[in-house]
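These notes concern the structure reproduced below.
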Amino acid sequence: MKTKMVALIAGVVMMVSAAWAADAPMNTSALHPPAGSRIALVVFEDLECPACAKTDPLLIQAVHNYSLPLVRHDFIIPSHAWSKEAHIMARYFDTQSPQLGEEFRQYIFANQTSIYKTNLRQWADKFAAAHHTALPAFYDPTGKLRAAVEADTELGKATAVHQTPTIYVVTNSPQVPYQQVTDQAKLFETIEKVKSQLPAAPVKSARKK
């Protein structure tokens, strides 16, 4: 009887927790373009995720075609053996230069099928050497980069991210703040749709001499 009562209480707690999670407001703090940009792409991704690797060239193409900023967020899948460490490495390369961090992420996606937990470091060292730099033996001595990766994952959960990649077209307009790309094959179509809904940019008046 006591066991049944405990199970019943646990079930009620789980139901209440689930209901609270469903009612919790979505955190949209990540869904905005960088300062100075009207529109951007935001993606929550996992470097070991095959779907993310498949989608990455499409994101890069969209960036070039539309001259859009791409804001990447870490969203670690717990069952992936090496993704968190790869994300920490990417954060280290970010500290050297944002462009280097971006190139490392593209490099990992491009070689993903050949990377394992046991050879990730070798691939990272190969990348570093090709870019005339080095990855230190202890590239996150204080744990600051790991904490940033974990915080990004928590931000994704608060943003109602449930899978990777999760992609948004975001703007600085209250009328069209963001649009999730539910079909990756329609990424360009979604960008065009959001752009068409943006109010006209204010015309800057010429300064009088």
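The values are calculated or read from the model by the stated rules, or taken from the named source; none is laboratory data. The structure displayed is predicted, hence computed values, not measured ones. In this analysis, Cβ positions are derived from the backbone assuming ideal geometry, glycine residues included, and neighbour counts consider all displayed protein chains.
Looking across A160, A137, A148, one residue alone is surrounded by 15 or more Cβ atoms within 10 Å (Cβ to Cβ), of a type in the set (G, A, S) and modelled with pLDDT of 95 or more. It is A148. No other residue among T55, T113 is part of a helix (DSSP H, G or I), among the β-branched types (V, I, T), within 17 Å of Q180 (Cα to Cα) and at pLDDT 95 or above apart from T55. Taken over the range 104-148, the residue count meeting the criterion of being basic (K, R) and touching a residue at least 24 places away in the same chain (Cβ under 8 Å) is 3. Taken over the range 23-52, residues that are over 30 Å from T113 (Cβ atoms), of a type outside the set (D, E, K, R) and not in a strand (DSSP E or B) amount to 13. On inspection, T166 qualifies as within 20 Å of I60 (Cβ to Cβ), β-branched (V, I, T) and surrounded by fewer than 21 Cβ atoms within 10 Å (Cβ to Cβ). Within the range 184-194, being exposed (fewer than 15 other Cβ atoms within 10 Å of the Cβ) and either more than 18 Å from the chain's Cα centre (by Cα) or at pLDDT 95 or above (or both) holds for A185, K186, F188, E189, E192, K193. Exactly one residue among L68, L31, L100 is among the aliphatic types (A, V, I, L, M) and under 15 Å from the mean Cα position of the chain (by Cα), and that residue is L31. When H132 is tested against (1) on the phi < 0 side of the Ramachandran plot; (2) over 17 Å from the mean Cα position of the chain (by Cα), just one condition goes unmet, and that condition is (1). Contact annotation: residue pairs with Cβ atoms under 9 Å, 6 or more positions apart or on different chains, pairing a residue in the range 66-84 that is over 19 Å from G143 (Cβ atoms) and free of Cβ contacts under 8 Å to residues at least 40 places away in the same chain with a partner that is surrounded by fewer than 16 Cβ atoms within 10 Å (Cβ to Cβ) and of a type in the set (S, T, Y), are P69/S37; A81/Y116.
State yes or no: is V71 closer than 23 Å to V43 by Cα, of a type outside the set (D, E) and in a strand (DSSP E or B)? Criteria met by V71. Considering the range 149-160, the residues that are touching a residue at least 40 places away in the same chain (Cβ under 8 Å) and closer than 11 Å to H73 by Cα include one that is farthest from the chain's Cα centre (by Cα), namely E150.
Tell me, yes or no, whether the range 54-68 has at least one residue that is out of contact with any Leu (no Cβ under 9 Å at 6 or more places or on another chain) and crowded, with 20+ Cβ neighbours inside 10 Å. Yes, the range 54-68 contains at least one residue that is out of contact with any Leu (no Cβ under 9 Å at 6 or more places or on another chain) and crowded, with 20+ Cβ neighbours inside 10 Å.
Taking the stated definitions as given, is R121 surrounded by 13 or more Cβ atoms within 10 Å (Cβ to Cβ), within 16 Å of the chain's Cα centre (by Cα) and part of a helix (DSSP H, G or I)? For R121, the condition - surrounded by 13 or more Cβ atoms within 10 Å (Cβ to Cβ), within 16 Å of the chain's Cα centre (by Cα) and part of a helix (DSSP H, G or I) - is not met.
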